[in-house]
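Readers should treat all values here as calculations from the given coordinates under stated rules, not as data from a laboratory. Bear in mind that the values here come from a model prediction, so they are computed numbers and not experimental data. We place every Cβ from the backbone using ideal geometry, glycine too, and count neighbours over all the protein chains shown.
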Amino acid sequence: MKAPMTLKLAWRNVWRNPRRTLITASAIGLGFFMVFILIGFTEGTQRRLEATVTDAWLASGQVHLKGYREAPDVDLLIPDLAATLKVIRATPGVEAASPRVLASGMISMGARSSAVALIGVDFSAERAVTRWGESFSGGDWPQGDGGVMIGEALAARMELEVGGPLNVSMADLKTGEATSIKLKISGLLVTGDPLLDRSAAILSRAALSQGLGIKDAAHQIALRAAPSTFSALKIEGLDVADWRALSPMLEKMSELQAFSMLITLGVVLFILGLGILNTLTMALVERFKEFGILKAIGTTPARLGGLILAEASVLSLVGVTLGLALALPVHWLLSTKGLPMPGTEYGGVIIHRPIYTIITPAPVLYLALGVTLLTLIVAGIIAARAALIRPVEALRHG
Amino acid sequence: MADQTPPKEIVVALKGAHRHYTTPAGVVRALDGVDLEIRQGEFAVLAGPSGSGKSTMLNLIGALDQPTGGEVYIDGVALSSQSKQALAALRRDRIGFVFQSYNLIPVLTVLENVEYVMLLQGVPEATRHQRAKAILAELGLEGMLNRRPVELSGGQQQRVAVARAVVSKPALVLADEPTANLDSQTSAALMDAMMALNQTHATTFICSTHDPDLMARASRLIKLRDGKLDDREEAQG
Ligand SMILES: Nc1ncnc2c1ncn2[C@@H]1O[C@H](COP(=O)(O)OP(=O)(O)O)[C@@H](O)[C@H]1O
Ligand SMILES: [Mg+2]
């Protein structure tokens, strides 16, 4: 029966000065709201970034011949492609695999030409791995070996259009002789990956292989697979890497983002702590005599501390409730409708699709822990000061 | 002298009690060698002009302050031998306090204020209610149980304070100028109420005042002047 009394007292004490309480609680609520939405955005941006890179070029991960990533050479082909693909596709966790042939070359139309990366893929296999199909600004996947896709940015620079012809030239691997093939532009891409959008031409693997003078080969196999698959997938002589390993910068970016979120969280919590401390200090000064009387009639410092803790908790709870009342609808809106991203760049990746806020348990737990710890610290400071009040002094000066 | 522990029926005993304050202006001898015994069931009025040491003495007896010399005994126990926790428990269980003014907890109702000390003592809720209501009725406050202190007059507030002080049946009630902020009629009524409680419950009271009307009605008058007992004028009770 003791705790309810303390809570009752605390609740009433907190509302003795409703104006001050509301101001403090609003500040706590606003801070909570900001951090909550920030958490949602950090997670949402992270996911969008991941989706952007894994849907576009990197996929979930890639397989190369050992050494290719360090020094890409057109000669470094994955041996025994058909058998390797079979092994990979049979590995649990692997959803799809797409062999790619990579080379440098030129595209030209009339007097305009541009050096590009040539990417040869099996269109049906590639569609199962990446999501380029969702990012066409015009046109679609090629129907057969005679089609080619390029980025919208490249098309705009070269004044090319869907349905128009395009000359693609490359050097034969053995003879070094230049070959040129005439293809039809089937679609224009906006993926957010600068490589694909600005300086690549995607054609059929068969067509590119023919131009290069190679047969059923690949430099790279792109995978759509569960993250855990990559550590398990080990093939002699091949280099298996997930997208994080393929793009250390993106990995760093996400670490940095998580870190800056923690800093912001810390700063906001610190400011909130000062707010609560200030409010409770004012209350302490005003109620100096009252605390003295409470002690005189037998209230122990521990019990007085309990009362102060209860008051601080009520204050935080009111604040957090206000914050949640504000944050939940906004989060709901942003997590369903999303925040439009008109081509914002994040560490070299351009985000075109909306960012949806995502709330995961871990950061919310940090926030809850932070608010709780803060309340405890502030209450502790005030309680320590209240414990020092001597009833005689309080009664004399009241 | 210190080996002579007072007998049990002596609720309060002061032996050579001193309370000196060291201030920048010099030493203030607020209490300067007081010997005094208060017996179980007495109603003692502590009189003296402002600054004579009344509050200082009540604070020493109430274990809110410690003497700089001499000893204070409650129920025959020397307070200097007790730990802080024991003194807090003593205040909670054995002593009731009534202060000059505004000494109720503003956010609690009349009933809750009176129940508060019993709550600290761990008295069960039903008993708390019943005892608090009974004492409030005895003091003529049965209609005000759910009011807040601000809704009461000064005299009513002090009655609630008296109810709070006596409800847990302490050995001793200390009232420091409880009528200082009341008009003379209300003062007399409050004094009557306390005297009645003293009679019916045999609770020992020490009540300070500088109101001559109240002094005149005291069965035992303890006069203080400059921190010393003014023995010549002490009435016999
Ligand atoms: N904390 C203190 N510091 C210095 N002097 C004090 C203190 N408390 C009381 N005094 C002094 O002690 C004397 C007695 O005070 P007090 O007991 O309050 O008198 P009364 O209650 O009879 O008016 C006064 O001169 C007062 O100024
Ligand atoms: Mg006084």
Mind checking which helices in chain A clear 15 Å along their axis (Cα) and have mean Kyte-Doolittle hydropathy of -0.5 or more, DSSP H runs only?
-> A:2-14, A:18-55, A:248-286, A:301-336, A:361-387
Can you tell me how much longer the chain between A:ALA387 and A:SER104 gets when fully stretched, taken as 0.36 nm per residue apart minus their C-alpha distance, in nm with one decimal?
-> 94.2 nm
Relative to the compact globular guide of 2.2 N^0.38 Å, what is the alpha carbon radius of gyration of region A:280-390, as a ratio?
-> 1.66
Tail fraction, Cα-Cα pairs, region B:137-237, threshold 20 Å, whole percent = 41
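Using Cα pairs closer than 8 Å and at least 6 residues apart in sequence, work out the relative contact order for region A:69-157, in percent. Write down the numbers at each step before the final one.
On the way: 69 pairs, mean separation 16.8, N = 89.
Reported relative contact order: 19 percent.
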Sequence of A:MET170, A:MET341, B:MET194 once ranked by neighbouring C-beta atoms within 10 Å, starting from the fewest = A:MET341, A:MET170, B:MET194
Relative contact order of chain A, pairs being alpha-carbon contacts under 8 Å that are 6 or more residues apart, as % | 27
Output the Cα-based Rg and Dmax of the protein assembly as shown in Å, rounding Rg to one decimal and Dmax to a whole number.
-> 42.7, 133
Take chain A, connect every pair of alpha-carbon atoms lying under 10 Å apart with a spring to form a Gaussian network, then pick out the residue of A:ALA312, A:ALA207, A:ALA71 with the largest mean-square fluctuation.
-> A:ALA71
Collect residues whose amide H, placed 1.01 Å from N in the peptide plane, falls under 5 Å from the amide H of B:GLY70; neighbours closer than 5 in sequence don't count.
-> B:HIS18
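Residues of A:287-297, mean number of Cβ from any other protein chain within 10 Å of their own Cβ, rounded to a whole number?
Details: counts 2, 0, 4, 6, 0, 3, 7, 4, 3, 12, 16.
Average neighbour count from other chains, rounded to a whole number: 5.
If we count other beta carbons within 10 Å of each Cβ, what is the order of A:VAL392, A:VAL121, fewest first? List each step's numbers first, then the result.
Working: A:VAL392 19, A:VAL121 27.
Arranged by neighbour count, lowest to highest, A:VAL392, A:VAL121 become A:VAL392, A:VAL121.
Among the listed pairs B:LYS15/B:LYS169; A:LYS295/B:LYS84; A:LYS8/A:LYS295; A:LYS86/A:LYS234, which are separated by more than 20 Å between their Cα atoms? Kindly include the intermediate steps, with their values, before the conclusion.
Working: B:LYS15/B:LYS169 26 Å; A:LYS295/B:LYS84 12 Å; A:LYS8/A:LYS295 18 Å; A:LYS86/A:LYS234 14 Å.
Table pairs above 20 Å Cα-Cα are B:LYS15/B:LYS169.
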To the nearest 10 degrees, the tilt of helix B:184-201 (Cα long axis) against the first principal axis of the alpha carbons of chain B is 90
Given a Förster distance of 56 angstrom, what is the FRET efficiency for A:GLU177 paired with A:THR372, based on the Cβ-Cβ distance and rounded to 0.05?
-> 0.20
Between the helical axis of B:110-121 and the dominant principal axis of chain B, each derived from Cα atoms, what acute angle in degrees is found, rounded to the nearest 10?
-> 60
At A:THR321 and A:GLU286, where each label point lies 7 Å from the Cα along Cα→Cβ, what is the point-to-point distance in nanometres?
-> 2.0
Cα→Cβ-extended label distance, 7 Å offset, between A:LEU274 and A:ALA111, nm = 6.5
Listed by chain and number, the aspartates and glutamates with an alpha carbon less than 17 angstrom from that of A:LYS184, same-chain partners under 8 positions apart left out, are A:ASP122, A:ASP140, A:ASP145, A:GLU152, A:GLU159, A:GLU161
From other protein chains only, count the Cβ atoms within 10 Å of every residue's Cβ in B:85-96, then give the mean.
-> 3
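Taking the beta-carbon count within 10 Å as an exposure proxy, list A:ARG19, B:ARG92 from fewest neighbours to most. Walk me through the numbers on the way to the answer.
Details: A:ARG19 7, B:ARG92 20.
Taking fewest neighbouring Cβ atoms as first place, the list is A:ARG19, B:ARG92.
Report the gain in length on full extension from B:MET195 to B:ARG147: 0.36 nm times residue separation, minus Cα-Cα distance, nm rounded to one decimal. Please list the in-between numbers first.
On the way: separation 48, 0.36 × 48 = 17.28 nm, distance 2.54 nm.
Taking 0.36 nm per residue and subtracting the Cα distance, the gain is 14.7 nm.
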Any residue on another chain or 5+ positions along whose placed amide H is under 5 Å from the amide H of A:VAL116 is listed here as A:GLY105, A:MET106, A:ILE107
Give the calculated FRET efficiency between B:GLN121 and A:LEU256 to the nearest 0.05, with a Förster radius of 51 Å applied to their Cβ-Cβ distance.
-> 0.30
Treat every Asp and Glu Cβ in region B:12-74 as -1 and every Lys and Arg Cβ as +1, leave all other atoms uncharged, and give the resulting dipole magnitude about the Cα centre to the nearest 20 debye.
-> 120
Inter-site label distance for A:LEU81 and B:SER50 at 7 Å from Cα along Cβ, in nm = 10.5
Distance from the Cα centre of region A:115-133 to that of region A:331-383, in angstrom?
-> 35
Counting other chain Cβ atoms within 10 Å of each Cβ in A:98-110 and taking the mean gives 0
Does anyone have the angle between helix B:125-138 and the longest principal axis of chain B? Alpha-carbon axes, 0 to 90°, nearest 10?
-> 80
Taking placed amide H atoms and a strict 5 Å upper bound, the residues 5 or more places from B:GLY96 or on another chain that come that close are B:LEU172, B:VAL173, B:LEU174
